[in-house]
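Q: Here's a structure for you.
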Amino acid sequence: MSSPVTPDAPGRAATQPEHRPEAAGPPGPGRRSATVRRFLTSPQALGSSLVLAAVVTLVVFAPLFTAHAPTTADLEDAFGPPGGGHLLGFDSSGRDVWSRLLYGGRNTLGGALLAVAVALAVGVPSGLAAGYYGGWFDSLSNWWVNLVMALPAMVVLLATRAVLGTDVWVLMIVLGVLVAPAFYRLVRGAVAAMRGELYVDAARVFGLRDSRIIARHVLVVVRAPVIIQGALVAGMAIGLQAGLEFLGIGSGDLPTWGAMLNEAFTNIQRAPLFMLWPGLALGLTSATLVLLAASLRDVLEDRGTAPATGRGARRGGADAPTTLDSAGERADLLSVRDLAVTYTLADGSSREVVHGVDLDVRRGEVLGLVGESGSGKTQTAFSVLGLLPEGGRVSRGSVLLDGTEVVGSTDRALRNLRGDTVAYVPQEPMSNLDPAFTIGDHLTEPLRVKLGLSRAQARERALDLLRQVEIPDPERTFRSHPHQISGGMAQRVLIAGAVSCDPDLLVADEPTTALDVTVQAEVLALLRRLQAERGMGVLLVTHNLGVVADLCDRVAVMRDGRIVETGTTERILSDPREDYTRGLLDAVLDDTPARAPWQPREAAQ
Amino acid sequence: MTDPNSPRDPNPAHGSEPAHDPETAAGGHGDTGGTDPKPLLDVRDLRVSFPGKGWRAPRTEVLRGVSLDIRPGETLGLVGESGSGKSTIGRAVLGLVPASGGSISFDGERVDGASRRRRRELSRHIQVVFQDPYTSLNPSLLVGDTLAEPLLAHGVPAAEARTRVADLLDRVALPRDAVHRLPREFSGGQRQRVAIARALAIAPRLIVCDEPVSALDLTTQRTVMDLLLDIQERTGTAYLFVSHDLSVVRALSHRVAVIHQGQIVEYGGADRVTTDPEHPYTQRLLLSAPVADPGRQSERRAEYERRFHARAH
C-alpha cells in the first residue's frame, strides 16, 4: 500500500471524535468502512457524537450565534429577562447569559482539550518508549509515574494556583501532566504485552527501524484504547476545571462554565435558573463524552466474536454418512445419535457447528474421533461431557452415557456422572491445573468429594495413582505445584486424576498434542496400559493418524461437523472408502521419501 | 558424527574435498559441511545463554557449542524437542538473541554482533517464517501493508512495491484481492502463505523457517511444504528449517541436524539420519513417532519398548 495506515493524531481524535477516519481512502474499504458503519449504526455513538458536534460548533463559532460580547456588562440589565436578542437574559452584572455560555464553553472545552493534549504528549511517547525498550527508562518512568499518581490532583492544582497564579491555561497544563500517567500506563501495558509478539520480531527481521516499528505496529494497537481514554479524560478535565472555578479559584474574569456556576450559586435565592444553563452545558458535555467513549470502545475493540470452533458451518458435501457401522442398535457405554451443536453468536444469530453425529463406544473399546481443526470433533466430545463452552448448546439429538441421557440433564445429574462414569483428559495439561494448588490437592479433592474418603485415605489413594501413572517420585510430586513439574508429568497427573474414580468412559481430547514426541510415546503407552487394566472405554479425539494406529480399535472420521466414515482402525487406515479420509492419509508423511542430497545449483539445472 | 557429503560428494569440482579427513569431522560434529569452500551460512561453536532467574543466578546455557553450515540453495533441517535450543539457533542467526560465544558468518562475513545498521542491511538477505501464523502477522494491518513493509523498508518505491506485492500473492497462490483484507479473514494455512510471501518479498538468500508447518492441519501442512519446495526450486534460496517433526524435516531437507539439550548430537544426509540414525537420541525420536498403520505401529512400539522402556524400568 502506498498510504500506510496512519492513525489519527490521537489528541485530535480524542476530543473531536466525530471527525473519525471517515476520510480513509479506498485502499482499505473493508475494514475502515465497516468500522465507520458500525459506528454510524450504533444509536448511542451517533447520538452522542451529534450532540458533541453541536456543542463544539456552537462554541467554536460563537460569534455566529450571538451578537453580544460575553464581557459587556450593563448594570441596568442585571437579572434582566430574556428578550430583544438576549436569548437567556442577563446575569447579575448585566451580561448576556447566552453569550457567556458560548464564549465560556471556549475556555472550558479549550482547557479540557489542552489538558488532554498535554497528557497525550507526555503520556503516550513515554509509555511507548518505556514499554518498547524497557530497561532503565522504564524503571525511572515507573517510579516517576507512581509518584505523580500518589499526588491528589485537586491539592496540587490548588497549590499551583497559589504559586503560578490564576491562569486557567496553566492550571490545565498542570492537570494534563497529572493525568498523563493514565495514558502512560495504558500505552506501556499494551506495548509491553505486544513486545513479545512474533510480528514485532518479524518486523525487526525485515530491517525496519524502531521508529517505524513503533509507528506502524505499536501505535495501531494502542490507538483505540488511547482514543477512549482521551474522551474519558476530557470529561474528567471539564469536571475538575468546573470544580475549581466553582470554588472560586479559577481565573476571575474569564468566562467559563464553572465561573458561571459560581456566580449563579451566589445568587441562587434570587435567580435559581442561573444554575441551569452552565449546569446543563457541563452535564451534557461530560455525559456525551463518557457515552461516546463507551460506544467507541464497542466499535473499535469489537474483534468479532466467533464460536470456539472457528470455521463456518459449510454445508453440502457428505450429507449422509456412508458407512455407519452402528446405525441400528445403540452401544451400552456411550451412544450418540443425531447430535447437533449450535452456537449463539454475539449478534444473536445462531450457527450449527455439529450436524447430526452418530457415535458409539462399547465397554472397553477405544474409539478415535479424527478430523482437522474446525471439524467439530472437540465440540462432539464436550457434548458427551455436557460441558459445551459459553454460547454453545446441544440443539438436537441424544447422548446416552451408560444408559443415562446427557442432553437436557440437570447440572446435578451431570455432576453425578462425571468422575465415576465419564472422565476427561484435556489437551493442554498445564492450563488445566490450578497453579495455586499442589498436585496432591488436585488429586485428593475429587476423591474426598466423590468417594467420601478421609484425608488420609485420599492421600494414600492419590499416591497410589501417581505410582500407577509411572511418576518417578510420587511423594515429591504430590507436594509440588504445577509449575514445578514438566508438561509430560502434568499430563500424567491429569490422567491419574481422570482415572481416580474408576470411570467407565475416558474422553481424551488430543491428550498428546502438546507434548514432545518422546513424551507422547510414553503417555500413549500409559493410556494403553490403564485402558487394558481397567477395561475402560475411551473416546480419543485426535488429528494424528499415528496416534490412532497406536491406540484405537475403531475410528470415526469427522469433517465440517459430520461423520464421513466409521470403521475399524485397520480398515480405515488401509482401505478408506471416502475421498476425504484418503486425502488425510495421503497427507501423512510416514512413507514420503527423504529429500535427495543437495546439488550445487548450476549442476542441478 | 558423520560426514553427510562423503558418500555422494555434491561438488566434485573441488578436488581437495574427498581428501577431507573424516576423523577431524567427527571430532567437532559441526565440521561436516566443510566440503564447500564458501558456505552461505557458517555457524561455529555457537553459544547462547540467558540470565538465570534471581539476582546473580548463573546464566542458563541454551546452546552449548553448536556448529552447522548451509550452502546456497540448500535446506538444513534442524530437529529437536521443546527446550532443545533449536529455535534459539534460528533466532541467533536472525540477530534476535545475542551470541555469548562462537561465530555466525553469512557469506563469509561475521554477522554475530553486527551493528543495528548492518543488521538492517543484512535483512535483505536473511528472512524468517515463524511457526504461529496467528501471531506473526499484525492483526490490525491489511495483508497488503504487511507484505509491502519489507519492500518499503528497503527503499522500494511505493508503486513498484504494489506490483511486487501482487506478484508475491501469485507466487504463494493467494488471490490478489487479499491485499485489502485483514489476517483474521484467512485460515491458518493461508496466513502462513502470507508469512512466506512476506519473507520472499525482498528475495532473500536464506530463510529461517521456525516450525512453519507445525500449527497447520495435516493436509494444509502438505501444501505449504510443497510451496516451500517449489519456491526453493525457483529462487534458489536456502532454508534453515527448524522443526520438532522428523518426518517433515526428512521430506524437506538435504541434510539434517538433530539437537538435544543445546548440542548437536547427529548431523548428516536426510535419508541416513531419518532412516538409520546412529545416535540413541535420534533413534528414540524416530521410534517415538507413531506411524499411521496399526501393524507397523505395533512393531515400532514393541521396538521402542524393547530399547528404551526396559532400561527405564
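Q: With no solvent and one equal point scatterer placed on each C-alpha of region B:249-313, evaluate the Debye formula and give log10 I(q)/I(0) for q = 0.24, 0.28, 0.29 Å⁻¹, two decimals.
A: -1.06, -1.18, -1.20
Q: Which whole number gives the average, over all residues in B:294-300, of C-beta atoms from other chains lying within 10 Å of the residue C-beta?
A: Values: counts 13, 4, 4, 10, 2, 0, 4.
Mean inter-chain Cβ contacts per residue within 10 Å come to 5.
Q: Here is a further query. Need the per-residue list for region A:566-598: every residue with at least 40 Å² less accessible surface in the complex of protein chains than in the chain by itself, probe 1.4 Å, sorted by number.
A: A:587, A:589, A:590, A:592, A:594, A:595, A:597, A:598
Q: Counting heavy atoms of the protein chains only and a 1.4 Å probe, report the per residue accessible area for chain B as a whole number of Å².
A: Computed with neighbouring chains in place, this is 40 Å² per residue.
Q: State the extension gain, in nm to one decimal, for the chain segment bounded by residue B:134 and residue B:57, taking 0.36 nm per residue of separation less the distance between their alpha-carbons.
A: Here the segment from residue B:134 to residue B:57 would lengthen by 24.3 nm.
Q: Rounding to the nearest 20 debye, state how big the charge dipole of region A:405-495 is about its Cα centre with +1 on each Lys and Arg Cβ and -1 on each Asp and Glu Cβ. Don't skip to the answer; put the middle values down first.
A: Working: 12 positive and 12 negative charges, 49 e Å.
The calculation lands at about 240 debye.
Q: Looking at A:557, A:440, A:366, which one has the Cα that reaches farthest to the positive end of the dipole of chain A (charges on Cβ: Lys, Arg +1; Asp, Glu -1)?
A: Going by the charge dipole, the pick is A:440.
Q: Among rounded, prolate and oblate, which fits region B:85-156 when a ≥ b ≥ c are the square roots of the eigenvalues of its C-alpha gyration tensor, a/c under 1.5 means rounded, and a/b larger than b/c means prolate? Present the calculation step by step, with values, prior to reporting the outcome.
A: Values: a/c = 2.87, a/b = 1.48, b/c = 1.93.
Oblate, since a/c reaches 1.5 and b/c is not below a/b.
Q: Dipole size in debye (nearest 20) for chain A around its Cα centre, Lys and Arg Cβ +1, Asp and Glu Cβ -1?
A: Computed charge dipole of chain A: roughly 940 debye.
Q: If you bin the C-alpha pair distances of region A:70-301 every 5 Å from 0, what whole percents do you get?
A: 1, 7, 12, 15, 14, 12, 11, 8, 6, 5, 4, 2, 1, 1, 0, 0
Q: How many partner chain Cβ atoms sit within 10 Å of a residue's Cβ in peptide B:67-78, on average, as a whole number?
A: Values: counts 0, 0, 0, 1, 4, 3, 6, 5, 2, 1, 2, 0.
What the average comes to for B:67-78 is 2.
Q: Need the list of aspartates and glutamates near residue B:38 for cross-linking: C-alpha distance under 12 angstrom, and skip anything on the same chain fewer than eight residues off.
A: Once the sequence-local aspartates and glutamates are set aside, what remains near residue B:38 is B:69, B:107, B:109.
Q: Report the net charge of residues surrounding residue A:441, where surrounding means a beta-carbon distance below 13 angstrom and charges are Lys +1, Arg +1, Asp -1, Glu -1.
A: Taking every other residue near residue A:441 into account, the sum is +2.
Q: Provide the FRET efficiency to the nearest 0.05 for the residue A:456-residue B:305 pair, computing r from the beta carbons and using R0 = 35 Å. All intermediate terms of the calculation are to be shown ahead of the outcome.
A: Values: r = 36 Å, r/R0 = 1.03.
So the FRET efficiency works out to roughly 0.45.
Q: Using a 1.4 Å probe and counting only protein heavy atoms, arrange A:580, A:424 so the residue with the most accessible area comes first. Show your work: numbers first, answer last.
A: On the way: A:580 40, A:424 65 Å².
I get A:424, A:580, largest accessible area first.
Q: Under a GNM of chain B (C-alpha, springs under 10 Å), which listed residue has the highest mean-square fluctuation: B:164, B:255, B:234?
A: In the Gaussian network model the winner is B:234.
Q: If the chain between residue B:124 and residue B:159 were fully stretched, how many nm would it gain, using 0.36 nm times the residue separation less the Cα-Cα distance? Don't skip to the answer; put the middle values down first.
A: Values: separation 35, 0.36 × 35 = 12.60 nm, distance 1.94 nm.
Gain in length upon complete extension: 10.7 nm.
Q: Taking N as the number of residues in chain B, what is its Cα Rg relative to 2.2 N^0.38 Å?
A: Values: Rg = 20.4 Å, N = 313, 2.2 N^0.38 = 19.5 Å.
Relative to the 2.2 N^0.38 Å estimate, chain B comes out at 1.05.
Q: Could you run the Karplus curve 6.51 cos²θ - 1.76 cosθ + 1.60 with θ = phi - 60° over region B:254-266 and give me ³J(HN,Hα) per residue in whole Hz, x for Gly and Pro?
A: Karplus values, whole Hz, x for Gly and Pro: 7, 10, 10, 10, 9, 10, 9, 6, x, 9, 7, 9, 8.
Q: Scaled to the compact-protein estimate 2.2 N^0.38 Å, what is the alpha-carbon radius of gyration of region A:480-605, rounded to two decimal places?
A: Expressed relative to 2.2 N^0.38 Å, the Cα Rg reads 1.36.
Q: Going highest first, how would you order A:380-386, A:242-248 by mean Cβ packing within 10 Å? Please list the in-between numbers first.
A: Working: A:380-386: 22.1, A:242-248: 20.4.
In decreasing order of mean packing, A:380-386, A:242-248 become A:380-386, A:242-248.
Q: Using every pair of alpha-carbon atoms in the protein assembly as shown, split the distances into 10 Å bins beginning at 0 and state the percent of pairs per bin, rounded to integers.
A: 2, 10, 16, 18, 18, 15, 10, 6, 4, 1, 0, 0
Q: Over region A:422-502, give the accessible area per residue in Å² for a 1.4 Å probe, as an integer.
A: Value returned for region A:422-502: 48 Å² of accessible area per residue.
Q: I need to check one value: relative contact order of chain A, counting alpha carbon pairs closer than 8 Å and at least 6 residues apart, in percent.
A: Reported relative contact order: 12 percent.
Q: If you average the alpha carbon positions of region B:230-281 and of region A:120-139, how far apart do those two centres end up, in angstrom?
A: Spelled out, the Cα-based centre of one part sits 43 Å from the other.
Q: So what J values fall out for region A:390-400 if you push phi through Karplus, 6.51 cos²θ - 1.76 cosθ + 1.60 with θ = phi - 60°, rounded to Hz, Gly and Pro as x?
A: Coupling constants for region A:390-400: 3, x, x, 8, 7, 9, 6, x, 9, 10, 9 Hz.
Q: If you take each beta carbon of peptide B:140-148 and count the beta carbons of other chains within 10 angstrom, what is the mean?
A: Details: counts 11, 9, 8, 1, 4, 8, 7, 1, 3.
What the average comes to for B:140-148 is 6.
Q: Can you give the extra length, in nm with one decimal, that the chain gains between residue B:114 and residue B:203 once fully stretched, where that is 0.36 nm per residue apart less the Cα-Cα distance?
A: 29.9 nm
Q: Only helical DSSP H runs with n ≥ 4 go in: add -39500 (n - 2.57) per run for the protein assembly as shown, normalise by residue count and round the 222 nm mean residue ellipticity to 500 deg cm²/dmol.
A: That comes out to -14500 deg cm²/dmol.
Q: Would you mind computing Rg(Cα) / (2.2 N^0.38 Å) for region A:52-126, counting N as its residues? Mind dumping the intermediate values first?
A: Details: Rg = 15.9 Å, N = 75, 2.2 N^0.38 = 11.3 Å.
That works out to 1.41 for region A:52-126.
Q: Here is a further query. All other residues with a Cβ under 15 Å from the Cβ of residue B:165 taken together, and with Lys, Arg as +1 and Asp, Glu as -1, what is their net charge? Write down the numbers at each step before the final one.
A: On the way: positive: B:162, B:164, B:171, B:176, B:181, B:193, B:198; negative: B:145, B:149, B:160, B:167, B:170, B:177.
In short, +1.
Q: To the nearest 100 Å², how much accessible surface do chains B and A hide from each other in total, with a 1.4 Å probe?
A: 6600
Q: Now for a separate question. Report ³J(HN,Hα) in whole Hz for each residue of region A:147-159, in order, from the Karplus equation J = 6.51 cos²θ - 1.76 cosθ + 1.60 where θ = phi - 60°; Gly and Pro get x.
A: Result, rounded to whole Hz: 4, 4, 5, 6, 7, x, 4, 4, 5, 4, 5, 4, 5.
Q: A follow-up question, please. Express the Stokes-Einstein translational diffusion coefficient of region A:200-299 in µm² s⁻¹, to the nearest whole number, given a Kirkwood radius over alpha-carbon pairs, 10 °C and a viscosity of 1.306 mPa s.
A: Approximately 97 µm²/s, per Stokes-Einstein.
Q: Another one. Distance in nm between label sites at residue B:298 and residue A:121, each 7 Å beyond Cα in the beta-carbon direction?
A: Label at residue B:298, label at residue A:121, 7.9 nm between them.
Q: Could you tell me the relative contact order of region A:150-248? Use alpha-carbon pairs under 8 Å, at least six residues apart, and round to a whole percent.
A: Reported relative contact order: 30 percent.
Q: For region A:121-227, just list the percent of Cα-Cα distances falling in each 10 Å bin from zero outward, please.
A: All Cα pairs considered, the percentages come to 14, 38, 27, 14, 5, 1.
The values are calculated or read from the model by the stated rules, or taken from the named source; none is laboratory data. As the structure is a computational prediction, the values presented were derived from the model and not from experiment. Note that each Cβ is placed from the backbone with ideal geometry, even for glycine, and that neighbours are counted across all protein chains shown. Keep in mind that these areas ignore ligands, DNA and RNA; they rest on the heavy atoms of the full protein, side chains included. Shrake-Rupley method; radii C 1.70, N 1.55, O 1.52, S 1.80 Å.
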